[in-house]
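Have a look at the structure below before the remarks.
The values are calculated or read from the model by the stated rules, or taken from the named source; none is laboratory data. For clarity, every value in this text was computed on a predicted model and none was experimentally measured. Cβ: placed from backbone, ideal geometry, glycine included. Neighbour counts: every protein chain shown.
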Amino acid sequence: MEFKRTSFIYTIFGCNYVDLHDKRSPFSHTFISGELKCSATVHTLFLGGVHVALKIIKNVEKYKEAARLEINVLEKINEKDPDNKFHCVQMYDWFDYHGHMCISFELLALSTFDFLKENNYLPYSIVQVRHMAYQLCLAVKFLHDNKLTHTDLKPENILFVNSDFTMSYNVEKKREERTVKNTGVRVVDFGSATFDHEHHSTIVSTRHYRAPEVILELGWSHPCDVWSIGCILFEYYVGFTLFQTHDNREHLAMMERILGPVPSRMIRKTRKQKYFYRGRLDWDDNSSAGKYVRDNCKPLRRYLLSEAEEHHQLFDLIESMLEYEPSKRLLLADALKHPFFERVGFGEAASSKTWEANRDISR
């Protein structure tokens, strides 16, 4: 789908369109009226028979510069993946309207986080996790192959193409539960994506999905995305965040509780020596914070919900993604060959197949 920039602006600002978020005015709506309250807002529009998402960036130079960088990444993605085979959101066009940068995208549905939240944090089934994981690995491998690191992978930035669902009643738990019909997903939000040759900010990633090399300021590259994917797959499987913290020292303590000690090489190399004492994490297990970590974290394999082989395969994959040392962390090319994905044919994973019929009920 293509829009000519001049006609696209005319279509939006010169003709009637539908703003799906404004029920009071289904045909005509004043665009960019009033003050934008945050750095960007997203509107859903009906243009030329097609629904699109329009991201409007506030007319502030630092936000506009960030938008230009994001557009540069999105144009690279479009160039390298014109047929949209690699599960990254497709940008249709962009333009500047009275200082507001505007970017139009394919319209997607709920994020994988929002669906989880609206479903009372009921985990996704192992079959659904497998399909979403395969697409995510494929998408991020595509970015890495093109010398890009996303740097902000999280369930909020992975959107369903269609989040329609079926509803069933769980008699045992006395609640209604949703099952998404179609687990086709797209990776979105390239505002922090960084090319290999560009300056790398010291701190990247949303806290819960941040790799140890970032916390320890050891430098980062593609492997930090792989760590984030490992955290995401765990969250899909159990329904909650693996590292629920906002503090660096506590974050490292959680890692040690779940994954074992931080490697001595990383401890020796980091400038953040304040977190360590005599080559070990400086952490008091008997403090209130220590009790919190002890009560809320446990070795990774103890989170398994089933002893079935495919569950162990998933955790083997996650463990390989949560390797402390970036140089030893699983490459996504190898991840795609992991036994966990043996049941996924390439044609299935590359399409928006409905997985409801294969829903795992042994959770």
>> Here's a check for you: in the range 200-243, which residue that is in contact with a helix residue (DSSP H, G or I) (Cβ under 9 Å, 6 or more places away or on another chain) and polar (S, T, N, Q) is surrounded by the most Cβ atoms within 10 Å (Cβ to Cβ)?
In response: 228
>> I need a count of the residues in the range 219-253 that are without any contact (Cβ under 8 Å) to a residue 60 or more places away in the chain and of a type outside the set (Asp, Glu).
In response: 12
> Which pairs do you get when a residue that is basic (Lys, Arg), found in the range 160-189, comes within reach of a residue that is assigned to a strand (DSSP E or B) and surrounded by fewer than 17 Cβ atoms within 10 Å (Cβ to Cβ), reach meaning Cβ atoms under 6 angstrom, with the pair 6+ apart or on two chains?
Replying inline: 178/167; 181/354
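What tally of residues in the range 244-256 results from selecting those that are within 16 Å of residue 203 (Cβ to Cβ) and either under 16 Å from the mean Cα position of the chain (by Cα) or assigned to a helix (DSSP H, G or I) (or both)?
Residues meeting the conditions: 4.
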> Among the residues of the range 275-329, which ones are free of Cβ contacts under 8 Å to residues at least 60 places away in the same chain, closer than 30 Å to residue 132 by Cα and among the basic types (Lys, Arg)?
Replying inline: 298, 301, 302, 328
>> I need the full set of residues from the range 185-210 which are touching a Ser or Thr at 6+ places or on another chain (Cβ under 7 Å) and hydrophobic (A, V, I, L, M, F, W, C), in order please.
In response: 185, 193, 204
>> With the requirement that a residue be in a loop (DSSP other than H, G, I, E, B) and either out of contact with any strand residue (DSSP E or B) (no Cβ under 9 Å at 6 or more places or on another chain) or buried (at least 16 other Cβ atoms within 10 Å of the Cβ) (or both), what does the range 111-125 give you?
In response: 119, 121, 122, 123, 124, 125
> Somewhere in the range 297-311, is a residue closer than 21 Å to residue 208 by Cα, hydroxyl-bearing (Ser, Thr, Tyr), in contact with a helix residue (DSSP H, G or I) (Cβ under 9 Å, 6 or more places away or on another chain) and buried (at least 18 other Cβ atoms within 10 Å of the Cβ)?
Replying inline: no
>> For the list (1) surrounded by 16 or more Cβ atoms within 10 Å (Cβ to Cβ); (2) free of Cβ contacts under 8 Å to residues at least 12 places away in the same chain, I need the number of the one condition that residue 87 fails.
In response: (2)
>> For the range 260-281, check the following and say yes or no: at least one residue is part of a helix (DSSP H, G or I), under 27 Å from the mean Cα position of the chain (by Cα) and under 18 Å from residue 315 (Cα atoms).
In response: no
> Hey, any hits in the range 96-110 for a residue that's assigned to a helix (DSSP H, G or I), touching an Asp or Glu at 6+ places or on another chain (Cβ under 9 Å) and at pLDDT 95 or above?
Replying inline: no
> Quick check: is even one residue across the range 192-209 under 18 Å from the mean Cα position of the chain (by Cα) and closer than 20 Å to residue 134 by Cβ?
Replying inline: yes
